[in-house]
1. Debye sum, Cα scatterers, the range 401-525, no solvent: what log₁₀ I/I(0) at q = 0.10, 0.15 1/Å?
2. Could you order ARG19, ARG110, ARG55 by accessible surface area, starting with the largest, using a probe radius of 1.4 Å?
3. In the range 203-331, if every C-alpha pair distance is counted and binned at 10 Å from zero, what percent goes to each bin?
4. Which order do the peptides 256-267, 368-379 take when ranked by the mean count of other beta-carbon atoms within 10 Å per residue, highest first?
5. Kindly report, to the nearest 10 Å², the accessible surface of ARG284 as traced by a 1.4 Å probe over protein heavy atoms only.
6. Averaged over all directions, how much area does the convex hull of the C-alpha atoms of the range 445-587 cover when projected, in nm²?
7. List, in order, the whole-Hz ³J(HN,Hα) value for each residue of the range 331-338 obtained from phi through the Karplus relation with A = 6.51, B = -1.76, C = 1.60 and θ = phi - 60°; use x for Gly and Pro.
8. Can you give me the accessible area per residue for the chain, using a 1.4 Å probe, in Å²?
Amino acid sequence: MCGIVGYIGTEDAKEILLRGLEKLEYRGYDSAGIAVRADDVTHVFKEKGRIATLREAVADDVAASVGIGHTRWATHGVPSQLNAHPHQSSTERFTLVHNGVIENYEQLQREHLCNVHVQSDTDTEIIVQLIEQFSGDGLTTEEAVRKALSLMKGSYAIALLDKDDPETIFVGKNKSPLLIGVGDGVNVIASDAMAMLSVTDEFVEIMDEELVLVQREGITIQTLDGKEQTRDSYRAELDASDIEKGTYPHFMLKEIDEQPFVIRNIVQKYQHEDGSTRLDGDIRAAMQQSDRIYIIAAGTSYHAGLVGKQLLERIAGKPVEVHIASEFLYNMPLLSDNPLFVFISQSGETADSRGVLVNVKKQGHRTLTITNVPGSTLSREADYTLHTFAGPEIAVASTKAYTAQMAVLTLLAVDTAHAAGIELDFDPLQELGIVANAMEALCDQKEELEQIAREYLSVTRNAFFIGRAVDYYVAMEGALKLKEISYIQAEGFAGGELKHGTIALIEEGTPVLALATQSEVHWSIRGNVKEVAARGAAPVIISMEGHEQEGDALVLPRVHELLAPLVSVIPTQLIAYYAALHRGCDVDKPRNLAKSVTVE
Ligand code: F6R
């Protein structure tokens, strides 16, 4: 969701900004733009659509070594060239890019800008017009920015160019992520470190309600009331090759294939040489002291949370509730005496989850974030973090981050069980190794899965995924993956629930993908398959060795049933991938979606 880059150095800013924006494409966007300063003029180029279109629009002959850039995911106003960032103030002195949502922008416009002609439908233009207004009242740019930021309510990350101060990029942030990258005679800004890895791998965090003056020779961090702050930089542990597709046609396919490695990597990171789990003692203590775990997450991470509940309850005997982040504060359950809040988030930036984190922290509850991005907002702000070590996930549709979350939840459950003296009748770490091997075998079955996608999903309008017990949660995830990248209307249902209404939608040829990995319920799910088949559905049964039946479309290698979701999700990911491909969809960058959802 919206991305910002900025550069001040000695090289061609245009190219560095465009390449940075390309690295942020994964976040999802519908328009893009850059502004560079050359010959006392701020040149703005912006276009609706892809960065490739923007690239064509950027004039080659503008030589600049300072600039800012932006990818926009529309919130206020349709995706268009006019609403794309950067936005300029009326005199074109100030040029601004912004991520986030300014909740009181209409009020600010009424109170301060009644004589100003505002051109776009965006809240962003109000910020840049305000800054010009305040500077016209006699404030320095720094003071004008500070005043504007302190009046704004909501979330923002901004970068501003001032035509009269060619040596500074003014940067501010509240709730939305933004980093400063530091180098020798060059400094950059980026929503995500990977956008500027080609310039530097050394970064400095900006905290909420800070203003940073970014210049060639250094940066100055201040609070909004002008107090200077000092902060150490850190080295981003990212390998530039992790964010390249290599020989793969899409990041999604690469990331699906990486899953066996990710699981083995997680086991290695969290396992002592004697085979026991290696989790932070504070996390272990927090788990032990809590009487109930509240998992908070969104989308795919929520689905991982549902599996996590089964793992924590069955392995460690801990009661768990799983809540959708965006609903939690409005449907707050009665909390137990000693709750522990566990936030699951690939990006660590999801605004809905952060809203809950801020709220429960104020109430004094302990918090743990499970994330793929350790320096992210949710990670910084929670009491404890567990890293999922999946490596950067670029495709918008989450795959390896989901299985990594479930693997880490398994280890958390095992560690909690051991701390409580619970004897397990299986070796979970060894079982995760078996899971990795099974994943590998399934990744080698692409042809069969492509054939299923071609046969059942090439032309259909809708599809259903059904399952019982943990298979139900994978059905929900399989449906989400299919709908987000192929635009087929897909729903995941509990097998037994279909007959209570939804079965009315089954028509001749409706694809129904049924997951049957659990010995306790595989006969009942097969019964549900018969019910839909009798009404014309085209069923595809995915079962597991040990209880396969003739006619099953795919039989998964046998793994421990509690860990089956890590394996059964692989065919659903690959089927969604091939369905999207056959339907000509943009697999890695599906329409309307953002990788990092930083608005509530
Ligand atoms: C779907 C997907 C989303 C995210 C959701 C939460 O493939 O990626 O549903 O899972 O937006 O994002 P995180 O995990 O970053 O909090």
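1. -0.42, -0.86
2. Details: ARG19 105, ARG110 165, ARG55 80 Å².
Ranked list, largest accessible area first: ARG110, ARG19, ARG55.
3. Calculated P(r), rounded to whole percents: 9, 20, 26, 30, 14, 1.
4. Details: 256-267: 22.2, 368-379: 24.1.
So the peptides 256-267, 368-379, ranked by packing, come out 368-379, 256-267.
5. We get 70 Å² for ARG284.
6. Values: hull surface 29.7 nm².
If you wrap the Cα atoms of the range 445-587 in a convex hull and average its projections, you get 7.4 nm².
7. In residue order, the calculated couplings are 10, 4, x, 5, 7, 6, 5, 10 Hz.
8. Details: 23010 Å² over 600 residues.
Normalised by residue count, the accessible surface of the chain is 38 Å².
The values are calculated or read from the model by the stated rules, or taken from the named source; none is laboratory data. Predicted model, so just to flag it, every value in this text is computed and none were measured. Cβ atoms come from the backbone with ideal geometry, glycine included; neighbour counts cover every protein chain shown. These accessible areas exclude ligands, DNA and RNA; they are computed on the full protein's heavy atoms, side chains included. Shrake-Rupley method; radii C 1.70, N 1.55, O 1.52, S 1.80 Å.
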